[in-house]
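J.: Quick one: the structure is below, and I'll ask about it shortly.
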Amino acid sequence: MNYQNHQIREKILIVDYGSQVTKLIARRVRELGAFSEIINPLRLERIKDIKIYKGIILSGGPSTVVNSPQKKIPKILINAKIPILGICYGLQLLAITFGGKVITKKTLREFGKAEVKKKNNSLLTRNFFDDNASSVWMSHQDAVSHIPRNFNLVGSTKNSKFTIIENKNKKYYGVQFHPEVTHTKKGKILLKNFIYLICNLKKKWRISSQKNVLINKIKNIVKNENKVICALSGGVDSSVTAILVHKAIKSKLKCIMVDTGLMRKNEFKKSFRLFKKKYKLNVSIIKASSLFLKKLKNVHDPEKKRKIIGQLFIKIFESEAKKIKNVKYLAQGTLYPDIIESKSVTGSITSKIKSHHNVGGLPKKMNLELIEPLKDFFKDEVRKLGKSLGVSDEILNKHPFPGPGLAIRIPGKITKEKIKIVQEADEIFINNLIDKNYYKKIWQAYAALLPVRTVGVMGDSRTFEYICLLRAVISDDGMTADSFFFPKKFLDDISNKIVNNVKGVNRVVYDITTKPPSTIELE
Ligand code: XMP
């Protein structure tokens, strides 16, 4: 895997020591207009030219440097003579590397809000303090007890004297708190000072400036008669990928939409028309809904469902790809968070909750070379890139939709009738969200069908029908989520509309669980 984007000259390297919020550091840096790349410290040796970075940020992490004098900042980073900002564990690593001391003591622990008091001036903290104090967010057990020689104290909290330290000559800085989280009130100012005052980055980076770079890159890769195929779902990532690749190589791109029958109502046809008419893509639909339904018959187990759908999708896509002459490349909408390998740093293997099937997750044995133009970017950046390519809001503002589609929103056995019920209820829910201006405020919303029938009364008759579950969440990246708050009136109306218009449903419930402990999808 290529870890460095050589096209972008001015950037910040983030060394990931396993913090839960490393991705946030990268996002904040980019929001401030500087390109950032995350790297696992075990892979630092792969960097051919460390000098392409203007600054280094060492993240927090679950490790401790206490009684581990061998833990030091890797030599490659020190020898580079580039400014360094250590955050939390990064600060402790900085201290220990240059001869300071870190200890662990119950009284030094700080979790949550704390107040840093200014002790000395520093470029890092310009405009960071109000009345010589600033509110920050802490999460640490160990603390620096002695700073190395040539380091100065800049700020302290009640528990942790060396909360901000600096070595002005070497441009090494350390903070015990997390400037990347929004709870640190002026965290962004501190990061901005590091990037622009200390690392001296000159130009602001914008995703839209990458448009032509990316198009030219694709043009240079795909030469002569060679063709590219792309599995198009109609979601943001695969759509922006296809439209970008199409701008570069026009009809040499062939897009395939596999209709699993598990999409939202009318969505496939609508997307197909848009791609064909508006974006002039060379796209075809492969109708496979009966095949999917047949393979899913009587399957209850969520993991089995996911595997069947994933494998069938690949089989169909592979066989269609074989029919196209001169195909050498596969374009995929892989995003930056998909390739960050932060978890392996701590040696912990995260337990598998669900096996994700992504339309992009096609097997390597297809023997096609990958084109992944979005692999350096976050979702919000992809939306901006899409905008600069003229992709419509209809596509860019779409909520995420899972690869296995409605199958994982119908717990238990899947039937044609149940798919129809979910599609009808979902359409009513989503249209109402759009009408009432909720859609854009929500990260993801959907209707699902619970495999339970309950008694109801309609007119004078008894009914015995399914329960429709509605879910609407707010989230940053899908890793955690909160249920969206609707006024009772909206919920009353939507429940009425669904029960009155969707045959087979006589009860509507709204899911108010957060993730964790729940997940966004039901299966
Ligand atoms: P969970 O249910 O794990 O979902 O909280 C988090 C986000 O991931 C989406 N999701 C998937 N996306 N293939 C995908 O492309 C999948 O198999 C898949 N499963 C869940 C889910 O919709 C939510 O946005």
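J.: Mind listing the long-range amide H neighbours of Val327? Cut-off is under 5 Å, sequence gap 5 or more, other chains count too, H placed in the peptide plane at 1.01 Å from N.
T.: Lys227
J.: So if I restrict to the alpha-carbon atoms in the chain, what is the Rg, and what is Dmax, the biggest pairwise distance, in Å?
T.: 26.1, 85
J.: Follow-up question, since we're still on this one. Given a 1.4 Å probe, how much area per residue of the range 406-523 is accessible, in Å²?
T.: 51
J.: Amide H of Val154 versus every other amide H placed in the peptide plane: which residues, excluding those fewer than 5 positions away on the same chain, fall under 5 Å?
T.: Ile164, Ile165, Glu166
J.: Moving on to the next point. Defining a contact as two alpha carbons under 8 Å apart and six or more residues distant in sequence, what relative contact order in percent does the chain show?
T.: This gives 11 percent for the chain.
J.: What percentages, rounded to whole numbers, describe P(r) for the range 11-198 computed over all alpha carbon pairs with 10 Å bin width beginning at zero?
T.: 10, 42, 39, 9, 0
J.: Along the range 323-337, what does the Karplus equation 6.51 cos²θ - 1.76 cosθ + 1.60 (θ = phi - 60°) give for ³J(HN,Hα), rounded to whole Hz, x for Gly and Pro?
T.: My calculation for the range 323-337 gives 6, 9, 6, 6, 6, 10, 10, 10, 8, 10, x, 4, 9, 4, x Hz in order.
J.: Measure out, as a whole number of angstrom, how far apart the alpha-carbon centroids of the range 35-54 and the range 211-283 sit.
T.: That distance is 32 Å.
J.: Work out from phi, with θ = phi - 60° and the Karplus expression 6.51 cos²θ - 1.76 cosθ + 1.60, the ³J(HN,Hα) of each residue of the range 77-90, listed in order in whole Hz, and give x for Gly and Pro.
T.: Ordered by residue, 3J(HN,Hα) equals 6, 5, 5, 5, 6, 10, x, 10, 10, x, 10, 6, 4, x Hz.
J.: Moving on. Under a straight-distance cross-link criterion of Cα-Cα below 16 Å, which lysines are reachable from Lys270, leaving out those fewer than 8 residues away in the same chain?
T.: Of all the lysines, those that pass the test against Lys270 - Cα under 16 Å, at least 8 places apart if same chain - are Lys278, Lys280, Lys287, Lys398.
J.: Here's something else I'd like to know. Can you compute the radius of gyration and Dmax for the range 11-72, using only the Cα atoms, both in Å?
T.: 12.5, 39
J.: Collect residues whose amide H, placed 1.01 Å from N in the peptide plane, falls under 5 Å from the amide H of Gly86; neighbours closer than 5 in sequence don't count.
T.: Those lying under 5 Å, H to H, from Gly86 are Leu58, Tyr173, Gly174, Val175.
J.: How much of the accessible area of the chain, probe 1.4 Å, is carbon plus sulfur, in whole percent?
T.: 50
J.: Something else about it: Starting from the residue with the highest accessible area, list Arg306, Arg9 in decreasing order, probe 1.4 Å.
T.: Correct descending sequence by accessible area is Arg9, Arg306.
J.: Provide the percentage of antiparallel DSSP beta bridges, counting only those with both residues in the range 410-511; round to the nearest 5.
T.: 75
J.: Could I ask something else about it? Bin width 10 Å, alpha-carbon pairs only: give the P(r) of the range 390-523 as whole percents, running from 0 to the bin holding the largest distance.
T.: 12, 43, 35, 9, 1, 0
J.: Quick check on packing: order 61-70, 183-192 by the mean number of other C-beta atoms within 10 Å, highest mean leading.
T.: Ranked by mean Cβ neighbours within 10 Å, highest first: 183-192, 61-70.
J.: Roughly speaking, what is the centre-to-centre gap between the range 77-107 and the range 453-515 when only Cα atoms are used, to the nearest Å?
T.: 51
J.: Something else about it: Rounded to the nearest 20 Debye, what is the dipole magnitude of the chain about its Cα centre when Lys and Arg each give +1 and Asp and Glu each give -1 at the C-beta?
T.: Dipole about the Cα centre, nearest 20: 1480 debye.
J.: Return the calculated 222 nm mean residue ellipticity for the chain, to the nearest 500 deg cm²/dmol, obtained by summing -39500 (n - 2.57) across DSSP H runs with n ≥ 4 and dividing by the residue count.
T.: -8000 deg cm²/dmol
J.: Counting pairs of alpha carbon atoms under 8 Å apart in space and at least six apart in sequence, what relative contact order in percent does the range 238-289 give?
T.: Relative contact order for the range 238-289 comes out at 45 percent.
J.: Same structure again: Find the accessible area per residue for the range 11-198; the probe is 1.4 Å, ligands and nucleic acids are left out, and the unit is Å².
T.: Value returned for the range 11-198: 44 Å² of accessible area per residue.
J.: I would also like to ask the following. Step through the table entries Lys192/Lys384; Lys269/Lys436; Lys269/Lys418; Lys379/Lys420; Lys81/Lys379; Lys211/Lys325, compare each Cα-Cα distance with 27 Å, and write down the pairs that go over it.
T.: Lys379/Lys420; Lys81/Lys379; Lys211/Lys325
J.: What trypsin sites (Lys or Arg not before Pro) does the range 443-523 have in DSSP loop regions with at most 15 other beta carbons within 10 Å?
T.: Passing sites in the range 443-523 are Lys503.
J.: Of all DSSP beta bridges in the chain, what percent run antiparallel (nearest 5)?
T.: Here the share of antiparallel DSSP bridges comes out near 50 percent.
J.: For Lys161, give me every one of the lysines with a C-alpha distance below 17 angstrom, ignoring sequence neighbours fewer than eight places off in its own chain.
T.: Lys101, Lys105, Lys106, Lys113, Lys117, Lys118, Lys119
J.: Follow-up question, since we're still on this one. List the pair-distance distribution P(r) of the range 207-396, using every Cα-Cα distance, as the percent of pairs falling in each 10 Å bin from 0 up to the bin containing the longest distance, rounded to whole percents.
T.: Distribution as computed: 8, 34, 36, 18, 3, 0 percent.
J.: OK, next. May I ask you to rank Asp426, Asp476 by accessible area, largest first, using a 1.4 Å probe over the protein chains only?
T.: Result, largest first: Asp476, Asp426.
J.: I would also like to ask the following. Sorted from largest down, what three extents in whole angstroms do the Cα atoms of the range 365-466 have along their principal axes?
T.: Rounded to whole Å, the extents work out to 59, 42, 17 Å.
J.: Then there is this: Considering the range 270-328, what Rg and Dmax in Å follow from its alpha-carbon atoms?
T.: In order Rg, Dmax, the Cα atoms of the range 270-328 give 14.7, 41 Å.
J.: A follow-up question, please. Report ³J(HN,Hα) in whole Hz for each residue of the range 92-106, in order, from the Karplus equation J = 6.51 cos²θ - 1.76 cosθ + 1.60 where θ = phi - 60°; Gly and Pro get x.
T.: Residue by residue, the range 92-106 yields 5, 5, 4, 4, 5, 4, 9, x, x, 9, 10, 10, 10, 7, 3 Hz.
The values are calculated or read from the model by the stated rules, or taken from the named source; none is laboratory data. Worth saying up front: this structure is predicted, and the values here are computed from it rather than measured. Ideal geometry is used to build each Cβ from the backbone, glycine not excepted, and the neighbour counts take in all protein chains shown. Surface accessibility is based on the protein's heavy atoms, side chains included, excluding ligands, DNA and RNA. Shrake-Rupley method; radii C 1.70, N 1.55, O 1.52, S 1.80 Å.
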